[in-house]
Amino acid sequence: MVALQFPTASRTSTISTTPYDVGLPVLRLVLGVIMAVHGTQKLFRWFDGPGIKTTGMFFGKAGYPAGETMATIAGLTETLGGLGLILGLLTPLAAAAIVGVMINAISVKWTGAVLGLEGVELESLIIAAAVTLALTGPGRFALDRFVPVLRHHRLAYGFLALALGVVLAVVVLLLRD
């Protein structure tokens, strides 16, 4: 029988904190809170939100079938994606979920303007932040460190998750009238 040997870290080794270890959690926290708040506004009317019924009417007017169902899906995606980013749990998928929601938000809001009340600069910035987190990973201070396959983030994980998010966003867009 062959015994497998795994490298172990020395107990005396010092792991220094990098700028990424500090900066990525800040980005995750801010983006995650923003998205979770938006999601709970849709789902539960928290933070002076419209709730499912009103959000569902908006989705219906925007051309989505089954407005309340689509509002629920959007609210759950924003809430769970935001919580995933806050915790650094399944970060590539959480970030990809945010990208998918924002692709749909831009498609509904797009009037040709980039800046101002009718512009999409905020949605674009949210997409850029989410793509950054999907590609870089959550940093050292995240629950992904306890998920064996995500313990060591790979660029391919981010690309695959983003591809999934974009494909699902396009599928949802194809449902619109």
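The values are calculated or read from the model by the stated rules, or taken from the named source; none is laboratory data. Being a predicted model, the structure only gives us computed values, none of them experimental. Cβ: placed from backbone, ideal geometry, glycine included. Neighbour counts: every protein chain shown. Remember, those area values only see protein heavy atoms, side chains included, never the ligands or the DNA or RNA. Shrake-Rupley method; radii C 1.70, N 1.55, O 1.52, S 1.80 Å.
Based on protein heavy atoms only, the chain ends up with 61 Å² per residue of surface accessible to a 1.4 Å probe. Mind checking the angle between helix 51-61 and the chain's longest principal axis? C-alpha axes, 0 to 90 degrees, to the nearest 10. Compared with the principal axis, the helix lies near 60 degrees. Against the chain, whose longest principal axis comes from its Cα atoms, helix 91-109 is set at around 20 degrees. Expressed per residue, the C-alpha convex hull volume of region 76-161 stands at 93 Å³. Take the Cβ atoms of Trp46 and Tyr20, set R0 to 30 Å, and the FRET efficiency comes out at 0.40. Between helix 19-44 and the chain there is an angle of about 30 degrees, using the helix long axis and the longest principal axis of the Cα atoms. Dividing the summed helix terms, -39500 (n - 2.57) for each DSSP H run of n ≥ 4, by the number of residues in the chain produces a 222 nm estimate of -22000 deg cm²/dmol to the nearest 500.
Using Cβ point charges alone (K and R +1, D and E -1), the dipole size of region 36-177 about the Cα centre works out to roughly 360 debye.
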